[in-house]
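Visitor: First, the structure itself, so that you have it in front of you.
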Amino acid sequence: MSAHRRIVLIAVVGALVISLSGPLVRLSGVSPATSAFWRLAYAVPPLLLLAWLERRRLGPLPAKGRYLSWAAGFIFALDLLFWHTAIEYVGAGLATVLGNLQVFLVAFAAWAIFRERPSTRLMIGTPVVFTGVVLISGLFDSAAYGADPRLGVVFGLATSVAYAAYLLLMKAAGPHTMAPLAHTAAVAMLSVAVLSPIFGGADFVPDWPAHGWLLALALGPQVVGWALITWALPRQPAALTALLLLIQPMTTVALSALLLDERPSPWQLAGCAVIIIGVLYGSRGSPPLPPAAPEPAEALGTSSRRA
């Protein structure tokens with residue numbers, strides 16, 4: 001397998017893992033601020049351990065990386081709070097569409113900041129994939145709208161801006177993987193705690209079995225999923241990573257059907273097919289940036305050498 005295909009595969013696996021986020025949040029049955037806080041609180045200890053192991057191999061995270069990670073942490077807190085609130089107001093489908101407008105913001109911001117001119121395939125694939133996201137969102141089904149669609153749109157658009165800013169900041173943080181994630185999660189956790197009263201408040205007392213789902217949310221999407229995505233970010237164009245992350249809503253539809261007994265409509269199933277076609281087309285022929293750090297297995301504290 002070529003280096004480019006391996007990087008794309010790792011980003012796709014990361015996107016598949018974080019697609020568990022929505023169903024796990026729903027299964028926990030807690031408020032948006034509560035789920036945002038605890039997914040981070042449970043993730044911080046393992047991320048700090050993995051960051052310490054990474055530091056022994058790569059050295060400390062440079063000051064620039066720390067500052068960018070702290071900024072990304074605050075932005076990520078806003079992203080989580082906006083996204084969960086948008087779901088409550090406008091429904092999971094449309095909230096997902098609005099949040100994934102990040103693919104356009106990332107593509108053009110990366111062009112301006114990193115001089116990463118999007119490839120022709122990527123430019124063509126982006127609107128194709130977004131069309132699929134619109135289809136699976138349930139936009140053509142009145143049931144997708146929530147209690148306050150207009151307010152939901154505001155929070156959904158805010159999610160998109162925060163998501164794009166977070167991806168760009170994490171890309172600029174450098175080739176380290178676990179250290180930026182640990183800094184980001186810690187800052188995001190504190191930020192959510194401070195901001196939670198604005199978003200209806202958070203319950204800081206563990207309540208089981210809800211916290212079993214939140215623990216799974218932390219160890220799966222927050223630790224493993226974002227570790228893979230963070231590793232891939234500096235090794236390929238930011239716009240390509242943003243495009244690959246749009247696999248998330250497609251997978252969430254399937255998982256919701258299996259775990260929550262939500263049955264996709266024909267429009268949503270068509271959207272799944274459109275996303276697959278768009279991602280496959282847009283991800284071809286986009287050369288990654290030169291690798292500058294160990295493979296994900298090494299970043300997680302294990303050796304990737306073969307006997």
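The values are calculated or read from the model by the stated rules, or taken from the named source; none is laboratory data. Just so it is clear, the model here is predicted, and its values are computed rather than measured. Please note: Cβ atoms are built from the backbone with ideal geometry, for glycine as well, and neighbour counts cover all protein chains shown.
Visitor: Quick one: Trp231 ticks every box in (1) modelled with pLDDT under 90; (2) aromatic (Phe, Trp, Tyr); (3) closer than 14 Å to Leu40 by Cα except a single one, so which number is it?
Guide: With (1) modelled with pLDDT under 90; (2) aromatic (Phe, Trp, Tyr); (3) closer than 14 Å to Leu40 by Cα applied to Trp231, the lone miss is (3).
The rows are residues; the columns are (1) at pLDDT below 85; (2) assigned to a loop (DSSP other than H, G, I, E, B); (3) surrounded by fewer than 22 Cβ atoms within 10 Å (Cβ to Cβ).
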| site | (1), (2), (3) |
| --- | --- |
| Met1 | yes, yes, yes |
| Ala33 | no, no, no |
| Trp38 | no, no, no |
| Tyr67 | no, no, yes |
| Leu81 | no, no, no |
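Visitor: Got a sec? Which of Ala254, Ala238 is within 21 Å of the chain's Cα centre (by Cα) and farther than 20 Å from Pro180 by Cβ?
Guide: Working: Ala238 fails: farther than 20 Å from Pro180 by Cβ.
Going through Ala254, Ala238 in turn, the sole match is Ala254.
Visitor: Confirm whether Ala63 is more than 24 Å from Val194 (Cα to Cα) and surrounded by fewer than 22 Cβ atoms within 10 Å (Cβ to Cβ).
Guide: Against the criterion (more than 24 Å from Val194 (Cα to Cα) and surrounded by fewer than 22 Cβ atoms within 10 Å (Cβ to Cβ)), Ala63 qualifies.
Visitor: Right, another one. Kindly indicate whether any position in segment 234-251 is closer than 26 Å to Arg115 by Cβ, touching a Ser or Thr at 6+ places or on another chain (Cβ under 8 Å), assigned to a loop (DSSP other than H, G, I, E, B) and in contact (Cβ under 8 Å) with a residue 12 or more places away in the chain. Even if it seems obvious, please write down each step before you answer.
Guide: At the first step, the residues of segment 234-251 found to be closer than 26 Å to Arg115 by Cβ are 234-246.
From what is left, the residues that are touching a Ser or Thr at 6+ places or on another chain (Cβ under 8 Å) are 236-237, 239-240, 243-244.
Next cut, assigned to a loop (DSSP other than H, G, I, E, B) only: 236-237.
In the following step, the residues that additionally are in contact (Cβ under 8 Å) with a residue 12 or more places away in the chain were identified as 236-237.
Yes, there is a match, as at least one residue in segment 234-251 is closer than 26 Å to Arg115 by Cβ, touching a Ser or Thr at 6+ places or on another chain (Cβ under 8 Å), assigned to a loop (DSSP other than H, G, I, E, B) and in contact (Cβ under 8 Å) with a residue 12 or more places away in the chain.
Visitor: Any idea which of (1) at pLDDT 80 or above; (2) within 20 Å of the chain's Cα centre (by Cα) is the one Ala193 doesn't satisfy?
Guide: (2) is the only condition that Ala193 fails.
Visitor: May I ask you to list the residues in segment 89-104 that are modelled with pLDDT of 75 or more and either in contact with a strand residue (DSSP E or B) (Cβ under 9 Å, 6 or more places away or on another chain) or surrounded by fewer than 24 Cβ atoms within 10 Å (Cβ to Cβ) (or both)?
Guide: Listed by number, the list holds a single entry, Tyr89.
Visitor: Does Arg26 satisfy the criteria of being more than 25 Å from Asp261 (Cα to Cα) and either of a type in the set (Lys, Arg) or in contact with a helix residue (DSSP H, G or I) (Cβ under 7 Å, 6 or more places away or on another chain) (or both)?
Guide: no
Visitor: OK, next. Cβ-Cβ distance below 7 Å, separation of 6 or more or different chains: which pairs start in segment 200-217 with a residue that is within 13 Å of Arg26 (Cα to Cα) and end on one that is of a type in the set (Gly, Ala, Ser)?
Guide: Pairs found: Ala210/Ser28; Ala210/Gly29; Trp213/Ser28; Leu214/Ser28; Leu214/Ser35; Leu217/Ser21.
Visitor: Moving on to the next point. Run Leu58 past the list (1) among the aliphatic types (A, V, I, L, M); (2) within 17 Å of the chain's Cα centre (by Cα); (3) over 18 Å from Ala218 (Cβ atoms) and report the number of the one that doesn't hold.
Guide: Result: Leu58 fails condition (2) only.
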